[in-house]
Each structure stands twice: as C-alpha cells, then as structure tokens.
Amino acid sequence: MIQLDHITKTFDTGADKVHAVSDVTLHIKSGEIFGIIGFSGAGKSTLVRCINLLERPTSGTVTVDGKVLTDLPAKELREARKKIGMIFQHFNLMRSRTVGENVAYPLKGSGLTKQQIKAKVKELLEFVDIAEKENAYPSQLSGGQKQRVAIARALANDPKVLLCDEATSALDPQTTGAILQLLKHLNEKLGITIVIITHEMAVVKEICDRVAVMEHGNVVEEGDVFSIFAAPKAGITRDFIRTTSNLQKIEKLIEDKSPLVALKPGEKILRLNYIKKNTSEALISETSRKFNINLNIIFADLEIVQDAPIGGTVAIASGKKEDIEAAVEYLKEKNVGVEVLENG
C-alpha cells in the first residue's frame, strides 16, 4: 500500500543543513498497522509527513496505492491526498465550528448534497462513538473526545491510509487505550492501512503488526512486533524496551547491593527472556525438577504480544555448579535467552 524508496529529507537552516531523514526505504502492506518509533528528533514525524507529501522529500520516491505521489502534478496530488487521512497529537480541530462542522469540512467540494453530507457526518460520529456531541464545540470536549472527532474527520473521504502522528501522546493512559482500540476496530472493519508514529513502546505493543525503529533520521531496525520485543538488535530498541519492562530493575538492585539479591556461595542471578513464540512459564518448574536446582523468582514480567507470551523472569539459581550450568544450557536449547548477571 505504501512504498517509501530511498527517502531523504534535508532542511536548509541557512547556517547548515539538517538531515531529518536519511535514505529510508520502507514497504508497508495493505491493511496492516505499522508503527514507526523513535525518541524526539529521530525523524519519524518528518518521515510520516513525506507519505502524503506535506513534506516533499529532498530525494526518493513515495508510492501510495500504486500511484507515485512524487511524480503527480498538483491537481492529481490533491485528489490522491484525499485517500490519505491524518490525525495529530493536538487534534487540529477548528474551534469556531461544531463537531459536526469539523467532520463535514473535508467533504466541501465533494459533490455530495447537504443531506448526504449530514448523513455521512452522523454515520462517522456514530462509528467513533461520539454522535451525541455533534452540536458541541471542541472547547466542550475532553482530549479523548477531541481525538475521536479528529478520527471521524480523517475518515470523511473514505481513505485507504490513516497516518497517526503521536495521536495518543496528549492523552492519559486509559484514554490512550480506548483510542488504540478504536483504531484497531476501524482497521479490522474498514481494512484501512494505519501508520502510527510514536515514542511510546506500549503503543506499538498494543496494536501494531510490524514496527520500524528510527534514530538520527535512519531506520536502525524493522520487523514484526514480537521479534523486535523478544530479540532487539539495536541499542536504541533495547533502550525503548527497558522503558516498558520490570526486568531491568534487577541491575539497580545489584548496584545498590540490596539484601534481596545477596547471594550465597555458588548461587547465580539469571535473567531469562522468552525469545520464541513456543515458550511458556512451565519451563521454570520443569527445569528446577529436571536438574535438581532451586529457582527463586525475584521479578517476572510476562505479557501477551501478538498472541504469544513475551517477557521473562529474573531468578536466583541455587544448587550444584554443574547442575546450574546444565540447566542454563537446557534453557538456551528451549529458545530462552539466558544472562548470568551475578555469581555468588
């Protein structure tokens, strides 16, 4: 659905050039929810604005639904853009217009009659579950309600693609969850391709099929969400995942010499990460029985990503040295990532 080939975007600030995006190639399939994640300044918002040519790339080609947008004359580009909806962090609603008027705005010049536009607006507001606010003004709405209106407006021209630029960053966690579920619903119901720009790994984990990680204008890692979480390759990706996991707390406890991690001779602190979809918690009890060792779990952080358990545990292993070593090898054979963090 979306092909970005060798996209580069350079801003000339007068004194020097800023390379916001450097030679990025991404192909996004029809009907998938694709995440682009990076810290502030990584170039992700510039990249997403290149998809609908709000920012014209310095070089490279943008193809959406078979049309090479970077080659289209102005009139054809305006038509093509109607099939690419966009929602923003701060909603971008017109304060002097009602909710209904905001949603109707993109339908100006569409050839629909006033009655048809009214019916379409009603249908869209019902779809995003905010029909009762049709005659309210944006100032009377909560953040979550404003984003629902923005989504309805973005859907007015029946787009095939929806671009979400930090669409949940201004919302509290509960409202974020509701908006993500709404996006998932419209992806399933309408088959719309969604691109989500975010700096929050939790957003990617919640609804994305695949993800690209950006740093300094480059895509440093790309893959399905489970693989990226289970076995991140780039340092920046590991940093992101640390923000969503309890398993990193062990390092601070070791550093602070907490009594919780005081080891007896021969004991080891192990961090176990599930890196394949076929692993489960039963491995812990199975391993301790099979090798006659004790595994005292200090932390566990397991959740479901793409219908499979992901995360891991931190445990103190005690028993005979050779039994612990055999248990570690066994776990590795079972596709568990094993780190020995401390030896007693």
Q. Among (1) closer than 19 Å to Q306 by Cα; (2) more than 15 Å from the chain's Cα centre (by Cα), which single condition is V261 missing?
A. (1)
Q) Out of all the residues in segment 119-178, which are more than 25 Å from K67 (Cβ to Cβ) and of a type in the set (K, R)? A) K122, K133, K146, R148
Q) Can you pull out the residues in segment 13-32 that are touching a residue at least 60 places away in the same chain (Cβ under 8 Å) and either surrounded by 15 or more Cβ atoms within 10 Å (Cβ to Cβ) or assigned to a loop (DSSP other than H, G, I, E, B) (or both)? A) H19, A20, V21, S22, V24, L26, I28, K29, S30, G31, E32
Q) Out of curiosity, is L54 assigned by TED's automatic domain parsing to the domain that holds L182, under 23 Å from G109 (Cβ atoms) and assigned to a loop (DSSP other than H, G, I, E, B)? A) yes
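Scan segment 207-217 and give yes if some residue there is closer than 15 Å to A42 by Cβ, without any contact (Cβ under 8 Å) to a residue 60 or more places away in the chain, among the acidic types (D, E) and in a strand (DSSP E or B), otherwise no.
Here is the first cut: in segment 207-217, the ones closer than 15 Å to A42 by Cβ are 211-217.
Subsequent filtering for residues that are without any contact (Cβ under 8 Å) to a residue 60 or more places away in the chain retains none.
So far as segment 207-217 goes, no, none of its residues is closer than 15 Å to A42 by Cβ, without any contact (Cβ under 8 Å) to a residue 60 or more places away in the chain, among the acidic types (D, E) and in a strand (DSSP E or B).
Can you work out which of the residues in segment 255-278 that are surrounded by 15 or more Cβ atoms within 10 Å (Cβ to Cβ) and hydrophobic (A, V, I, L, M, F, W, C) is nearest to A202 (Cα to Cα)? Step through it out loud before you land on a result.
Residues of segment 255-278 that are surrounded by 15 or more Cβ atoms within 10 Å (Cβ to Cβ), as a first pass: 261, 263, 267-277.
Applying the additional criterion that residues be hydrophobic (A, V, I, L, M, F, W, C) yields 261, 263, 269-270, 272, 275.
Details: V261: 29, L263: 34, I269: 27, L270: 25, L272: 21, I275: 18 Å.
Here the answer is I275.
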Q: Could you tell me whether any residue of segment 209-221 is basic (K, R) and either farther than 30 Å from N335 by Cβ or at pLDDT below 90 (or both)?
A: no
Q. With respect to the numbered conditions (1) over 30 Å from D5 (Cβ atoms); (2) of a type in the set (D, E); (3) surrounded by fewer than 15 Cβ atoms within 10 Å (Cβ to Cβ), which one is the sole condition not fulfilled by D71?
A. (1)
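For I284, indicate whether it is out of contact with any Cys (no Cβ under 9 Å at 6 or more places or on another chain), modelled with pLDDT of 80 or more and buried (at least 19 other Cβ atoms within 10 Å of the Cβ). Steps first, answer last, please.
On the way: out of contact with any Cys (no Cβ under 9 Å at 6 or more places or on another chain): yes; modelled with pLDDT of 80 or more: yes; buried (at least 19 other Cβ atoms within 10 Å of the Cβ): no.
The answer is no for I284.
Within segment 308-338, work out how many residues are loosely packed, with under 14 Cβ neighbours inside 10 Å and either more than 33 Å from the chain's Cα centre (by Cα) or closer than 23 Å to T243 by Cβ (or both).
The initial filter retains those residues of segment 308-338 that are loosely packed, with under 14 Cβ neighbours inside 10 Å, namely 320-322, 329, 332-333.
Restricting the remaining residues to those that are either more than 33 Å from the chain's Cα centre (by Cα) or closer than 23 Å to T243 by Cβ (or both) gives 320-322, 329.
Selection size over segment 308-338: 4.
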Q: Report yes if E134 is without any contact (Cβ under 8 Å) to a residue 12 or more places away in the chain and closer than 19 Å to Y105 by Cα, otherwise no.
A: no
Q: Answer yes if at least one residue in segment 2-13 is touching a strand residue (DSSP E or B) at 6+ places or on another chain (Cβ under 6 Å), farther than 22 Å from D224 by Cα and among the aromatic types (F, W, Y), and no otherwise.
A: yes
Q.
List the residue pairs whose Cβ atoms are under 6 Å apart, where the first residue sits in segment 173-195 and is basic (K, R), the second is surrounded by 15 or more Cβ atoms within 10 Å (Cβ to Cβ), and the two are 6 or more positions apart or on different chains.
A. K184/I207
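The values are calculated or read from the model by the stated rules, or taken from the named source; none is laboratory data. All values reported here derive from a predicted model rather than from experimental measurement. Cβ sites come from the backbone with ideal geometry, for glycine too, and all protein chains shown count toward neighbours.
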